[in-house]
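The block underneath contains the structure these notes are about, expressed in structure tokens.
The values are calculated or read from the model by the stated rules, or taken from the named source; none is laboratory data. Every value quoted in this text rests on a predicted model; they were computed, and no experiment measured them. Cβ placement follows ideal geometry from the backbone for every residue including glycine, while neighbour counts extend to all protein chains displayed.
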């Protein structure tokens, strides 16, 4: 989302201290609208997805170059890996891998992610373009979300169109934060005013 694997232990910690964790009130007038999972071809959905922007969990906020890497297992579950670099591109890449169980009766897009037995949390797909190039994964309470791309960049018009869809779904789009994917100097492609989001 973003992405899914790094949530692991920190998601569990977040659940345990949720009373002490500040999540802004969602002021979107559609905040209470239920989310509808979309249907997807699970094998085609596998592979690497770059995190273009997210409503991040607290452990994701200092990461750059974040990506999700999903691998379908022989038993039908998914090896759910999150890759990234904490504090900057000069830092070593980290990787965490957990297991996700897709609910096949829920169009393959609702996954139970297990960070630590017996704890699980739900992440679902609410948007996927027909060419499987862009997708959005979210938690059902709309507290966290991830805009993902097969490439480490995204046209600004595509990004804005996805934000509009999420606004219609009831997300507080002001909470989305871009995730740097390339170590670029100021004024280069991907900086404010350019035609790609990186």
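For residues in segment 114-139 being in contact with a helix residue (DSSP H, G or I) (Cβ under 7 Å, 6 or more places away or on another chain) and in a strand (DSSP E or B), which is nearest to residue 48 (Cα to Cα)?
This residue is 134.
Among the residues of segment 50-64, is any out of contact with any helix residue (DSSP H, G or I) (no Cβ under 8 Å at 6 or more places or on another chain), buried (at least 17 other Cβ atoms within 10 Å of the Cβ), in a strand (DSSP E or B) and modelled with pLDDT under 95?
yes
Which residue is surrounded by the most Cβ atoms within 10 Å (Cβ to Cβ), if the candidates are limited to segment 152-179 and must be under 14 Å from the mean Cα position of the chain (by Cα) and part of a loop (DSSP other than H, G, I, E, B)?
Looking at residues that are under 14 Å from the mean Cα position of the chain (by Cα) and part of a loop (DSSP other than H, G, I, E, B), I get 179.
Among all residue pairs at least 6 apart or on different chains, which show Cβ distances below 6 Å where the first residue, located in segment 53-64, is farther than 17 Å from residue 142 by Cβ and the second is in a helix (DSSP H, G or I)?
These pairs meet every condition: 59/10.
Kindly indicate the residue of segment 183-198 that is surrounded by 15 or more Cβ atoms within 10 Å (Cβ to Cβ) and at pLDDT 60 or above and also nearest to residue 90 (Cα to Cα) among those meeting that condition. Give the steps one after another, and end with the answer.
Step one: list which residues in segment 183-198 are surrounded by 15 or more Cβ atoms within 10 Å (Cβ to Cβ), which gives 190, 196-198.
Applying the additional criterion that residues be at pLDDT 60 or above yields 196-198.
Working: 196: 23, 197: 21, 198: 17 Å.
Going through the qualifying residues, I end up with 198.
Is it fair to say residue 79 is assigned to a loop (DSSP other than H, G, I, E, B) and farther than 30 Å from residue 24 by Cβ? Step through it out loud before you land on a result.
Numbers: assigned to a loop (DSSP other than H, G, I, E, B): no; farther than 30 Å from residue 24 by Cβ: yes.
No: the conditions fail for residue 79.
Can you tell me which residues in segment 95-112 are out of contact with any helix residue (DSSP H, G or I) (no Cβ under 7 Å at 6 or more places or on another chain), part of a strand (DSSP E or B) and either at pLDDT 95 or above or surrounded by 14 or more Cβ atoms within 10 Å (Cβ to Cβ) (or both)?
As a first pass, look at segment 95-112 and keep what is out of contact with any helix residue (DSSP H, G or I) (no Cβ under 7 Å at 6 or more places or on another chain): 95, 97, 99-101, 103-107, 109-112.
In the following step, the residues that additionally are part of a strand (DSSP E or B) were identified as 95, 97, 99-101, 110-112.
Scanning segment 95-112 gives 97, 99, 100, 101, 110, 111, 112.
If residue 15 satisfies every condition in (1) assigned to a helix (DSSP H, G or I); (2) modelled with pLDDT of 90 or more but one, which is the exception?
Tallying (1) assigned to a helix (DSSP H, G or I); (2) modelled with pLDDT of 90 or more, residue 15 fails exactly one: (2).
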